[in-house]
Structure formats: C-alpha cells, structure tokens
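The numbers here are math on the coordinates, done by the rules we state, and not lab data. Every value quoted in this text rests on a predicted model; they were computed, and no experiment measured them. Quick reminder, even Gly has a Cβ in these numbers, built from the backbone with ideal geometry, and neighbours come from all protein chains shown.
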Amino acid sequence: MPHIHIKKFEPLDFPYKNEDVMFNFIAQNVLHEEEQLIHTTFAERSFFLLVKKDIKNDLLKSEKISRPSPNYIIKNALTQYAKASKAEILSSNVNDTSKNIHLEKEEALWSIYDFAKGFPQSKDLRIEVGFGSGRHLLHQAQNNPDITFIGIEIHKPSVEQVLKQINILGLKNLILLDYDARLFLELVPSNIVSRIYVHFPVPWDKKPHRRVISTDFIAESTRVLAPQGRLELRTDSENYFEYSWQTFISLNRARLEVNKNQEIAISSKYEDRWKKQEKNIYDITLTVDEISDERKIEGSFAFNSGLNMERLHTLNGTTQKIEGGFIHFERLYSTNDGRALVRLSMGSFERPEHLFVLIAQDETKYFPTEPVASRINFITHKHLDGLLHG
C-alpha cells in the first residue's frame, strides 16, 4: 500500500487545493489524538487519507474503507499533501505518481453505483468471484467475445493488473468491480447469469464466517442464474470442499456434480502451484433448473437532521444488534468545520458493510457513498437513523 513517513505532520488550511488534488477537510479521532483523516478528491474519486502520528515519525497512507483504484490516485494525493505541507519525508514507497500508460482507459473498471444505475445488457453474462491474477477470467473473455464477463476482486493490485491486460488486449466484453461479491449479487437481476465461477477462494479456516460460499450466497446465486446456469466452485482445500459440500447438500433441492482433479481449459497460477505440490483439486457444480421471481427491494437511505455530540460519544465503540443484523460504531471523529464523522460497520453478520456517516446540524448522509440497496441495509439504516436522531 502506498505510504509516506514524514518527520512531523502539519495540517493545511482546509479546504486546500494543490494542483489538481483537493483536500476538503480534516477529521480528528475523538479518542485517539494520534489518528486523523483527510477527505480528498482527485480524478473524480472521493476518499480519505489516514494520518498516524508516532513519537519518532508520522505516517501518511490511504484509509482502507474508501481507498480507490488504481493506485496512482493515492500516490498522487499523498505526494501532493506532503508537497503542500512542506513535510520532511523520511521514507516513502511512492516512487512513481504517473499514470501507467496501460491504465489510461478505465472504462472497464466500474463502481457498485454504476451497476445500481443500470445493469449491463448481454445475451450471455458470466461472473467470476475473486479472479486473482485474472488468468482464467482473461482467457474466457478473449475466447468468448460475444459473452459479457464481470470480474469481482477486492485485492486492489490484482484489479489494477487485470485492468492493464484488458487495455493491452483491447477487450470490450470484460467489466471489473472492486467490491464484496456477496453484496454485489443482491443488485443483480434474476435469471440473467449463465455462469458464476468461484475458483480457489481463500479458505478462511480460522474465520469461516468470511468464506464466500454460504447458504445466503448460494441462494442469491440461484436467483440470478438462468435455467441451466451453473455455480462452479473449484478449490484445493479439503476443508473448504467438505464445508462447501455440506452447505450445498443442506439445500432442500439441488442438482449437484462433484469432480476431482478435473482438467479445465485454463488453470490459474494457484492451480499450477497446487499441481506441482501434487495436491488434489475439487470441483462442485450446482445447476439451476427453475426460473426465479424478480427481486424487489424498496427503501430509502435518507436521514433526519441534527447533531448531538453527547449522544455520539455514548454510541462510540458500542454494537447495536437488530433482527438479522447489527450496527457497530467503530470510531468517532470531529471535523475542522464543526461536523462529526462516524466510521461504522452495519448490515448482516455474514456480509457487513463498512462505511462512514457525516453529520452536520442541518444534514446527515453516508459519506462518500451510500450502502448497497439491500433489504437488511434498509432495515439497519432505519435503526441507525433512530439512534442518531431519535
């Protein structure tokens, strides 16, 4: 992750613009004076830089939740802040802030809100969850130009590398998304996907709740898959295979196929590694037979207004449980212009959202983006509004 160590952090006179980077406001953690957030806009992205102060030196880097892709955006913002504040740089891994020639085009990189505005139209649509190096995804897209592929990955360097390859190869049928696939599926219309690939997901043996395969994920996959569509899991982990098989077989009705050490047209770099180690490769395929009902989710993420810092201090650090979900108030910040910023996680226990809420006396809003428009998020939002303004 791009970062810069400086001798001493100095705040600017916010809002402050340096070249084409805008530093809008700074927010101070109310419990930890060594942590601050700087709201930044650059290249049509809105995100936070994180300041961590220490006795020996201070650290500037990107804040994890709002971190944008590609990396040059963060590198530019960090460099421009250090330059504007005349910081003494002690060390840095930001050695190149230029935009890679193969990242000049970003049409293939969508945000979750692009999908919310309108889903891509295609006679055949396929999704790969956690594409990693992208070898399988790129192979499929190259060899099936009439099929639209959506690749989902939360590892930003992987997203950037595959975006480069899309531009180098001139692919027009591949869309990338840096987002949690479990949440993304809730936005996908019913019966429009022919394949969902889940190849070599992280086993998460110590944190099984983070696994992609779950009862809810299978239910959403079944809904979005067209008749004869397939959900394909491929794994080298015996633990993951056994867990997934038990999850699949617990369905009331399912058409399942299991294969072991089956060759496919293209293998990932992970699969090549496992084969050299003579590990077994397991496949579970679920085929959908029925047409699903269209999913209709209605709600609003509007807030009432009012700023009550005493209430926010009371909520800070607490977890509020509701039926089917929760709200955890992770951190509370106060901004230089008299507002409050709350970092929280909310939604379902299996696939929570991590986001910010910006609160002023006359307006409260999610910041910089709203949650996914899911049933549990609308329910959780209503409860959150009551906690903040009730």
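Brief remarks on what is shown
- Estimated FRET transfer efficiency (residue 350, residue 262; beta-carbon r; R0 35 Å; 0.05): 0.75
- Full extension of the chain between residue 334 and residue 246 gives 26.9 nm of extra length, using 0.36 nm per residue less the Cα-Cα distance.
- Once percent of Cα pairs over 35 Å apart is calculated for the structure shown, the corresponding label among (1) 52; (2) 34; (3) 17 turns out to be (2).
- Helix-derived mean residue ellipticity, 222 nm - over the chain, DSSP H n ≥ 4, -39500 (n - 2.57), to 500: -7500 deg cm²/dmol
- With R₀ set to 45 Å, the beta-carbon distance separating residue 91 from residue 124 gives a calculated FRET efficiency near 0.35.
- Counting charges near residue 21 (Lys, Arg +1; Asp, Glu -1) among other residues having Cβ under 13 Å from its Cβ returns a value of +1.
- Candidate lysines - alpha carbon under 20 Å from residue 52, same-chain residues fewer than 8 apart omitted: 7, 8, 61, 64, 75, 83, 86
- Between residue 314 and residue 144, the contour length at 0.36 nm per residue exceeds the Cα-Cα span by 55.7 nm.
- In segment 263-367, trypsin sites (Lys or Arg not before Pro) in a DSSP loop with at most 11 other beta-carbon atoms within 10 Å: 296
- Compared with the dominant Cα axis of the chain, that is its longest principal axis, helix 215-224 is turned about 70°.
- Tilt relative to the chain, helix 71-84 - C-alpha long axis, 0 to 90 degrees, to 10: 10
- Length-normalised contact order of the chain in % [C-alpha pairs under 8 Å, at least 6 apart]: 13
- Dipole of the chain, positive direction: furthest Cα of 93, 133, 161, with charges on the beta-carbon: 93
- Computed lengthening from residue 215 to residue 276, 0.36 nm per intervening residue step minus Cα-Cα distance: 18.7 nm
- Degrees, to the nearest 10: 156-169 long Cα axis against longest axis of the chain: 60
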